Amino acid sequence: MTKDELQQLVEKISLEAFQQPFVHQASFNRRLKSTGGRYHLTNHNLDFNPLIYERYGMDELVKVIKHELCHYHLHLAGRGYQHKDREFKELLQQTGGSRYSPPLANATIHHYCCRNCGKKIQRRRKIDTERYVCGGCHGQLLFVKTVKPSF
Ligand SMILES: [Zn+2]
Ligand SMILES: [Zn+2]
C-alpha cells in the first residue's frame, strides 16, 4: 500500500465512520515498533505501522485507523481524546476501532531473572546486568534469553 492509498483510505473512513473530513496527513512509519499507530497532537498528522497491514491485512488496518481517528476528531473538537476518557471509549466502541494494537513482530523481549530470589524480569530493552539489580531484593540479574516473536 502506498502513502497516497493510505491517505485516501483514512479520508474515506473519516467521512464514513465519523461524518467528518480528515484534513491532515497520514503516513507509514516503520519506527513505530510495537505500536500500530500514532496521533501527533502538535501537527494533527497520523502515523501508521506498515506491519499492521503486512501481517494482519486490511480489516485490522481499518480498526487501527479508526482508533487514531478517535484521538484526532476528539482532540480537534476539544473533547476527551485520551484512552482513559469516557468520550474516547464511547466513540471507539461506536466506530468499531481497535482497543489495542495486535502484537507486532519487532517487539523483541529480553528475559532476565534474579540470581538471588528468582524473580523474572522482561524488558524491551537490554539491561546492563553489571549495573542493574533486582527491584525486589537488589540481587544480581542473570540474562536468560531473547525472544523474537515469529509470524
Ligand atoms: Zn491510542
Ligand atoms: Zn531478587
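The values are calculated or read from the model by the stated rules, or taken from the named source; none is laboratory data. Quick caveat, the model's predicted, so the values are computed rather than measured. No Cβ is skipped: glycine too gets one built from the backbone with ideal geometry, and neighbour counts run over all protein chains shown. Quick note on the areas: whole protein, heavy atoms, side chains included, nothing else; ligands and nucleic acids left out. Shrake-Rupley method; radii C 1.70, N 1.55, O 1.52, S 1.80 Å.
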Which ones in the range 1-25 are buried (at least 16 other Cβ atoms within 10 Å of the Cβ) and closer than 22 Å to Gln94 by Cα? Leu9, Val10, Ile13, Ser14, Ala17, Phe18, Phe22
Would the range 125-138 turn up any residue that is more than 16 Å from ligand 2 (Cβ to nearest atom) and surrounded by 14 or more Cβ atoms within 10 Å (Cβ to Cβ)? no
Taking the stated definitions as given, is Ser98 assigned to a strand (DSSP E or B) and over 26 Å from Thr146 (Cα atoms)? no
(1) open to solvent by less than 20 Å² (accessible area, probe 1.4 Å); (2) within 14 Å of ligand 1 (Cβ to nearest atom); (3) touching a residue at least 40 places away in the same chain (Cβ under 8 Å) all hold for Leu104 apart from (2)
Does the range 48-60 hold any residues that are free of Cβ contacts under 8 Å to residues at least 40 places away in the same chain and either open to solvent by less than 20 Å² (accessible area, probe 1.4 Å) or part of a loop (DSSP other than H, G, I, E, B) (or both), and which are they? Gly57
Could you tell me how many of the residues in the range 33-43 are within 15 Å of Val64 (Cβ to Cβ) and more than 12 Å from ligand 1 (Cβ to nearest atom)? 2
Given (1) of a type outside the set (Ser, Thr, Tyr); (2) closer than 27 Å to Phe28 by Cα; (3) open to solvent by 60 Å² or more (accessible area, probe 1.4 Å); (4) in the same structural domain as Leu32 (by TED's automatic domain parsing), identify the lone condition not met by Arg86. (2)
Given (1) open to solvent by 90 Å² or more (accessible area, probe 1.4 Å); (2) within 12 Å of ligand 1 (Cβ to nearest atom); (3) not in a loop (DSSP other than H, G, I, E, B), where does Tyr72 come up short, assuming only one miss? (1)
Assess whether Leu91 counts as being farther than 30 Å from Leu51 by Cα and not in a loop (DSSP other than H, G, I, E, B). no
